[in-house]
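Down below is the structure, laid out as C-alpha cells.
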Amino acid sequence: MKQVYKKLILALVSSVIAGVVIAQTSYNDVQQQFVSYQTNNYNEKIFVHTDKTFYIAGESIWFKVYCVDENFHKPSGISKIAYVEIIGSENKPILQAKISLDSGSGDGSFIIPSFIASGNYILRAYTKWMENFDADYFFQTPVTIVNTLKASVIKNEAKGKSYAISFFPEGGNLVEGMQSKIAFKIVDEQGKPVDCSGTITNGSNNVTSFQCLKFGMGSFILTPKANETYKAIIKLADTTITNPLPTVYKQGFVMHAEDDADNAHVKVSVSTNTNDNAAYLLVHSQNVLKDFQQVNISNGEANFTIDKNKFADGISTITIFNANKQPVCERLYFKNPVAKLTIQSQTDQQQYGLRKPVNISLTVNGNNNKPSMANMSAAVFMIDSLQSTNYTDILSYLLLSSELKGTIESPSYYFQSNNKEAEEAADDLMLTQGWRRFKWEDVLQNKKPYFEFIPEYEGLVIDGKINDEFNNPAKNANVILTVPGENFQLASTISNASGNLLFNVKKFYGSDNIIITADSNYKTTIASSYSNKFSNQPWSAYKFPQPWKNQVLFRSINAQTDNAYLINEKQHSYLYSAEDTSLFYGTPDKRYYLDDYTRFITMEEVMREYVAEVHVRKEADQFHYKVLDFLTKTFSENDPLILLDGMPVADAGRIIEFDPLKIKRLDVVARKYYYGNIIADGIVSYTTYHGDLADFHLKAGELVIKFDGLQREREFYLPVYNTEEQIKNHLPDVRNVLYWSPKIETGADGKAHVDFYTSDLTGKFACVIQGITADGLAGSNIITFDVNK
C-alpha cells in the first residue's frame with residue numbers, strides 16, 4: 001500500500017513538473033541531461049508574512065504562508081500541509097504547527113508562552129516535499145522575543161572581534177596571464193557585513209587596491225602573472241588583516257559577463273590557454289533551461305551574446321562547458337524584474353484619534369499596469385524603538401533570497417530601478433555566491449534522485465516503523481491507524497521490508513490521540529512530523545535593548561493587560577475549519593442511535609434485540625458477528641470489521657463486554673467492503689458520546705500516541721468602536737498590532753479595502769501588504785499613519 005501510494009503521488013508530481021520544460025526542436029547532450037535531471041527534481045518554495053518581527057512573551061505571532069512552485073512562483077497545488085516552527089539556539093524547536101494549505105496558501109499563529117526566554121529566534125517553514133532537499137531551501141526569518149518575567153538564557157559575554165573575508169574570481173578560477181574580475185565579501189563573527197578597504201600585493205609591490213561598495217562586498221580587476229602569489233591586506237576600523245588570494249592555475253578557463261551598451265543583451269567572453277576548440281554555454285533560471293549555445297574557440301577566445309529576454313526575472317546561472325562538455329566556468333546573473341505586482345495603498349486620513357476608524361483602500365496592478373486579482377495579507381503595527389519598518393518582502397525573497405545561500409542583507413535594495421550603484425552591488429552579490437541547487441556530475445551522469453519524503457497531496461502523511469518481538473523490522477505487517485472521534489479517520493498500510501509504515505490520514509485538526517493497531521507481538525513507533533535538518537547560518541547573539549528598557553517594560557505591561565482583560569476574545573476564538581466530516585465508508589446501510597431505543601444493560605441484548613443486520617453467535621466461548629448482506633440476503637461467513645470510535649476490534653467479545661450505555665451510535669455496512677489492504681465482510685462501527693473510547697480497555701498491540709494534527713485557525717481580535725458606549729468602554733485597549741488579515745482578495749477591478757479601529761496607544765503605525773497572483777506575480781507595499789490623542 002505504501003509503495004503504491006508513493007508511486008501514485010510521484011507520478012502526479014512528475015506530470016505537474018513536466019510542464020516546466022521549454023520546447024526544444026533538438027537537444028545537445030548537455031541540454032538533454034539538464035532537462036531530464038531538472039524535470040525529476042521539482043521543488044517548492046515557501047514565503048511567510050508575519051505581523052511584525054519583535055514580540056513580548058504573551059503576545060501572538062500571526063503569519064500567512066505562501067507556497068509556490070520554484071519554477072514560475074505560481075501557487076503550488078502539490079503540498080497541502082506546511083510546517084512552521086520557532087527555532088531557538090542550538091536548533092531547538094520552541095513552537096511548532098502544521099498549517100493547512102489551500103491553493104498554495106494558509107495561515108496560523110503562535111501564542112508566545114510565559115516560559116520562553118528572551119532571545120533571537122528563527123521562524124522557519126517548509127513542506128514535507130521540501131525535506132527531500134537541502135535545509136537551506138527552507139524559509140527562514142529572524143524574530144526577537146523578550147520576556148521581562150524570565151531571565152535570558154543567552155549570556156552576553158564580551159568577545160573579541162573576528163572577521164572572515166573570501167575572494168571569488170568570476171567564473172571560478174584565476175589563470176596565469178588572464179584578466180579576471182574578483183569579488184570579495186567580508187563579515188564579522190556573526191555573519192554581519194562590515195566595511196573595509198585594502199590592497200593586493202605580490203609580496204614586493206602593491207598591484208591594485210579595493211574598497212567595499214555595499215554590505216561588505218566589492219570587486220577589483222587582476223591579471224595574475226606566472227610564478228607570483230598574491231595576498232590581500234585588508235584595513236578595517238579596528239584592525240588590519242592579511243589573507244591570501246585563491247590559487248592561480250597555469251591552465252584553465254576564465255569568463256566575464258556584462259550588459260552591452262543598449263542593455264538588451266548580455267555579453268559573455270571566455271578565455272582559455274588550453275587546446276579546446278569549442279565552448280558551450282548553458283543558461284538556466286529557477287531550474288528552467290533558458291538558452292544553450294555553442295561557439296568555436298579562436299586564439300583562446302570565445303564570445304557569446306544572450307538576449308536578456310531569455311533570462312527570467314531574478315537570478316540566472318550561466319555555465320561554460322569545454323569541448324568535452326565538462327563545466328569549467330560558472331557565475332550567477334541578476335535581472336531586475338520587469339513584471340511586478342504593484343500594490344498601492346492609501347489611508348483615508350494621515351492622522352487619527354484614539355479608538356477611531358481607519359479605512360485603507362488597496363489597488364493592485366499586474367502586467368501592463370492592468371488591474372489584477374491577488375491573494376494578499378496585511379498587518380498594521382506600531383513603529384517604535386523596538387519594532388522597525390524593515391520587513392522581508394515576498395518579491396525579493398522569491399527572486400533573490402530563496403535562490404542564494406545564507407542571509408542576504410537588505411535584499412530589496414537590489415530591486416531599485418535605474419540605480420547604477422544598486423546594479424553594481426547586485427553584480428558583486430552574484431559573484432560572491434557560488435551555491436547551486438544541484439551537482440553537475442549528477443546531471444552529466446544522469447543520476448536519478450531519491451526522494452525520502454512524498455508530497456502531502458491530500459493531507460497529513462504519518463511515517464512510522466514496526467519491529468517484531470525480536471526487534472527486527474517486521475515485513476508485510478498489516479497496521480491500522482485511527483484518529484478517534486465521532487467523525488473518526490482510519491488509515492491502513494502494510495510495512496515494507498525495512499518495517500517502515502506510511503499512513504495517509506488526510507486532514508484532521510487539533511491536538512489529539514491516535515491509535516495504532518497491529519499484531520500484539522509487534523512494537524510500533526511514529527516518527528516526528530518535523531524536519532531534523534537545519535541550515536548552517538550563523539546565529540545572531542541576543543543583546544537586551546538596554547536603551548529602550550522602559551519601552552520594553554511598557555510593552556510587557558500592555559501584553560499582560562491585554563491577556564488579562566481579553567483572553568476569551570483573543571485566545572479562544574477559532575474560525576471554522578473545513579474538516580472532512582465524512583466517514584471512510586460513506587453513508588452506512590443502517591444507522592442506530594441507541595437513545596432512540598430501549599437501553600439494555602448488556603451489549604449482547606442490544607445486538608440481539610434490534611440490530612437485525614448483525615447475527616451474534618457464540619462458539620467455543622467466543623463471540624462472533626455475522627452481517628446480513630443486503631445484496632445476497634445471506635449472512636457472511638467471516639466476522640466483519642468491528643470499530644469502536646474508529647479503532648479496529650478483532651475480538652467481538654470485547655465489544656460484548658463493553659457498557660452499551662457509553663455508546664451513542666451504531667453503523668452497519670451490510671456488504672463486502674474493500675478499503676486499502678482491508679477486505680471485510682461488512683462493517684459494524686460503534687461511536688461513543690465523546691469519540692474518546694470511553695475508557696475502553698486496550699490490549700497489547702493497541703498503542704495510543706499523542707499527536708498534533710493541523711492547527712486550528714484563530715480569529716484575530718478586532719474591537720469595534722462605532723457607538724458612544726463602545727468608545728467610552730473602560731476596558732483598556734493596548735493593542736500595538738491594530739490589524740491582521742491573511743485573507744485579502746482583490747476582485748477583477750484590482751481593488752480591496754481594509755477597515756479597523758485604532759487603540760488607546762498613540763504613535764506612528766505602519767501597514768504592510770504582501771501578495772501574489774495566480775500567475776506568480778508578487779509584490780508588497782508599506783504606508784504609515786499617526787495616531788494622536
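Here are the numbers for this structure:
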| read-out | value |
| --- | --- |
| Extension gain, Leu718 back to Arg617 (0.36 nm per residue minus Cα-Cα distance, nm) | 30.3 nm |
| Estimated inter-spin distance, Ile727 and Ala278, nm [label 7 Å along Cα→Cβ] | 8.1 |
| Relative contact order, percent, the chain [alpha-carbon distance under 8 Å, six or more residues apart] | 16 |
| With every protein chain in place, the chain: carbon and sulfur % of accessible area (1.4 Å) | 47 |
| Total formal charge among the other residues, if their Cβ is under 11 angstrom from that of Lys80, Lys/Arg +1 and Asp/Glu -1 | +1 |
| Exposure of Cys212 as accessible area (Å², to 10), given a probe of 1.4 Å and all protein chains | 10 |
| Out-of-range pairs (alpha-carbon distance over 21 Å; input Lys475/Lys626; Lys267/Lys310; Lys370/Lys751; Lys370/Lys764; Lys335/Lys405) | Lys475/Lys626; Lys370/Lys764 |
| Ellipticity estimate at 222 nm from DSSP helix runs (n ≥ 4, -39,500 (n - 2.57)) divided over the chain, nearest 500 | -3500 deg cm²/dmol |
| Principal axis dimensions, largest first and in whole angstrom, of segment 485-560 by Cα | 63, 38, 23 |
| Förster radius 45 Å - calculated FRET efficiency between Glu258 and Leu149, Cβ distance, rounded to 0.05 | 0.20 |
| Fully extended contour minus Cα-Cα distance, from Gln346 to Asn202, at 0.36 nm per residue | 46.0 nm |
| Computed label-point distance, nm, for sites Ser162 and Asn390 using a 7 Å Cα→Cβ extension | 2.4 |
| FRET E, pair Val704, Thr762, Förster distance 56 Å, beta-carbon r, rounded to 0.05 | 0.60 |
| Chain lengthening between Asn299 and Asn368 when straightened (0.36 nm per residue, less Cα-Cα) | 20.2 nm |
| Net charge over other residues, Cβ less than 14 angstrom from the Cβ of Ala226 (K, R count +1; D, E count -1) | 0 |
| Structure-derived Kirkwood radius over Cα pairs in Å: which label, when the choices are (i) 30.5; (ii) 31.5; (iii) 28.6 | (i) |
| Hz values of 3J(HN,Hα) by residue in segment 639-648 - Karplus curve (6.51, -1.76, 1.60), Gly and Pro given as x | 5, x, 7, 9, 10, 10, 6, x, 7, x |
| Tilt relative to the chain, helix 29-39 - C-alpha long axis, 0 to 90 degrees, to 10 | 40 |
| Degrees separating the helix 420-431 axis from the principal Cα axis of the chain, which is the longest one | 70 |
| Charge context of Leu761, other residues only, Cβ under 9 angstrom, K/R +1, D/E -1 | -1 |
| Largest to smallest accessible area among Thr758, Thr598 [probe 1.4 Å] | Thr598, Thr758 |
| Kirkwood hydrodynamic radius over Cα pairs of segment 88-129, then Stokes diffusion coefficient at 20 °C and 1.002 mPa s, in µm²/s | 172 |
| Helix axis angle, 549-571 relative to the chain longest principal axis, alpha carbon, degrees | 30 |
| Nearest-20 debye value, the chain charge dipole, Cβ charges on Lys, Arg, Asp, Glu | 1080 |
| ³J(HN,Hα) computed for each position of segment 237-250 - Karplus, 6.51 cos²θ - 1.76 cosθ + 1.60, integer Hz, glycine/proline x | 4, 10, 6, 10, 10, 10, 9, x, 7, x, 4, 9, 9, 6 |
| Those residues of segment 325-368 whose amide nitrogen sits under 12 Å from the label point placed on Ile783, 7 Å along Cα→Cβ | 343-351, 358-364 |
| Probe 1.4 Å, protein heavy atoms only - accessible area per residue of the chain in square angstrom | 45 |
| Arg436-Ile233 FRET efficiency (beta carbon distance; Förster radius 41 Å; 0.05 resolution) | 0.85 |
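The values are calculated or read from the model by the stated rules, or taken from the named source; none is laboratory data. The shown structure was predicted, so the numbers you read here are calculated from the model rather than taken from an experiment. Here Cβ is always computed from backbone atoms with ideal geometry, including for glycine, and neighbour counts include all displayed protein chains. Accessible surface is based on the protein model in full, side chains and every heavy atom, while ligands, DNA and RNA are left aside. Shrake-Rupley method; radii C 1.70, N 1.55, O 1.52, S 1.80 Å.
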